[in-house]
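Only the coordinates and a few stated rules stand behind these numbers; no lab work does. The structure presented is a predicted model; accordingly, all values stated were derived computationally and were not measured. Every residue, glycine among them, receives a Cβ derived from its backbone with ideal geometry; neighbour counts consider all protein chains shown.
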Amino acid sequence: MITSLNDKITLNNGVKMPGFGLGVYKVEDGDTAVHAVRTAIDVGYRSIDTASFYDNERSVGLAVRESGVPREELFITSKVWNDQQGYESTLKAFDESLEKLGTAYLDLYLIHWPVTGKYKETYRALETLYQEGRVRAIGVSNFHVHHLENLLADCKVKPAVNQVEYHPHLSQVELKAFCEKENIQLEAWSPLKRGRLLDEPTLVEIGNKYGKSAAQVILRWDIQHHVITIPKSITAERIQENANIFDFTLTQQEMNQIDNLNKNERAGSNPDDF
Ligand SMILES: NC(=O)c1ccc[n+]([C@@H]2O[C@H](COP(=O)([O-])OP(=O)(O)OC[C@H]3O[C@@H](n4cnc5c(N)ncnc54)[C@H](OP(=O)(O)O)[C@@H]3O)[C@@H](O)[C@H]2O)c1
């Protein structure tokens, strides 16, 4: 389990990835995105999760350069969008992401969603990029067990990460067990269910015991479950608050109480219908 904001989890290829980071979905390109990423890096975040679809890679790149933190101390993830999938088009999409980010390499490149009939070809392009040393780790996002089984049947490089919707209302019990068995690191998107879990009485009550917010309780629950978490915020106080989760420990009983909130309820799309 990670014990600080900078602590890293070793992926299945030996690359070390911060267990905590900033997500930037729906963060407007320009000053807002630059400010959010700069604030996070100043607070001590070292991992940023973007995607070509988010249309803010230029601002993320600018903030990274302005931060003064050496590139190799940061961990940058991007993703290939659905209409960019296919072998050649993915290679092209990767080049475009690098150009926008203004970086020579990515730390992690993911297939954003499993586009039926396309994602294996797309993954072959990720393997090429990995073998060429242009990305340190490759993986997937929004893959169910059946997508992973299909991919694992003939991939050359095992995906290092599967980034999926994961929060106390969707704790992905079967998928998590499968990923643990296969040594694929689970990463939580919408860990706060986009803000819709923050009045949940169980979380508020547990938080009161430690002087923590419901958001902090959820993020701590992620960490104690060995799930990488990337909460999004553009608000400086919240960016700071979300990272302030390394000075308390949920008891096993509290972990179970939060596990029991699961309703298999999504805030986003089901990958099978998207
Ligand atoms: N792979 C995928 O398909 C996929 C899909 C969705 C998301 N993601 C990734 O996961 C990241 C996180 O998910 P998300 O952005 O959907 O949602 P989220 O992190 O669950 O929630 C973000 C929302 O919660 C608010 N918030 C953040 N911290 C808070 C706090 N301490 N107290 C109260 N409100 C707080 C934010 O508001 P403010 O910003 O206004 O402060 C924002 O409205 C994304 O940014 C993206 O990087 C990936």
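Summary of values
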quantity: Residue ID - surrounded by the fewest Cβ atoms within 10 Å (Cβ to Cβ), chosen from residues in segment 186-205 that are within 8 Å of the ligand (Cβ to nearest atom) and in a strand (DSSP E or B); calculated: W189
quantity: Some residue of segment 223-242 being within 26 Å of K79 (Cα to Cα), assigned to a helix (DSSP H, G or I) and of a type in the set (G, A, S); calculated: yes
quantity: Per-region count, segment 239-274, residues of a type outside the set (V, I, T) and within 30 Å of H35 (Cα to Cα); calculated: 12
quantity: Candidate set: segment 77-117, residues that are of a type in the set (D, E, K, R) and touching a helix residue (DSSP H, G or I) at 6+ places or on another chain (Cβ under 8 Å); chosen: the one farthest from P271 (Cα to Cα); calculated: K100
quantity: Single condition D247 does not satisfy, out of (1) in a loop (DSSP other than H, G, I, E, B); (2) in contact with a His (Cβ under 9 Å, 6 or more places away or on another chain); (3) within 27 Å of T10 (Cβ to Cβ); calculated: (2)
quantity: Residues of segment 2-51 that turn out to be in a strand (DSSP E or B) and basic (K, R), as a count; calculated: 2
quantity: Qualifying residues in segment 237-259 (those that are polar (S, T, N, Q) and in contact (Cβ under 8 Å) with a residue 12 or more places away in the chain) - the one surrounded by the fewest Cβ atoms within 10 Å (Cβ to Cβ); calculated: T249
quantity: Unique residue being surrounded by fewer than 17 Cβ atoms within 10 Å (Cβ to Cβ), on the phi > 0 side of the Ramachandran plot and in contact (Cβ under 8 Å) with a residue 60 or more places away in the chain when the list is N142, N183; calculated: N183
quantity: Test result for L175, within 11 Å of the ligand (Cβ to nearest atom) and either within 19 Å of the chain's Cα centre (by Cα) or at negative phi (or both); calculated: no
quantity: Some residue of segment 62-83 being buried (at least 21 other Cβ atoms within 10 Å of the Cβ) and part of a loop (DSSP other than H, G, I, E, B); calculated: no
quantity: Pairs with Cβ under 7 Å, 6+ apart, first in segment 29-50 and acidic (D, E), second more than 11 Å from the ligand (Cβ to nearest atom); calculated: D29/D55; D29/R58; D29/S59
quantity: Extreme residue, nearest to the ligand (Cβ to nearest atom), among residues of segment 16-38 that are buried (at least 16 other Cβ atoms within 10 Å of the Cβ) and among the small types (G, A, S); calculated: G23
quantity: So K212, is it within 15 Å of the ligand (Cβ to nearest atom), under 22 Å from A33 (Cβ atoms) and of a type in the set (K, R); calculated: no
quantity: Residue match in segment 216-230 (condition: within 11 Å of the ligand (Cβ to nearest atom) and of a type in the set (K, R)); calculated: no
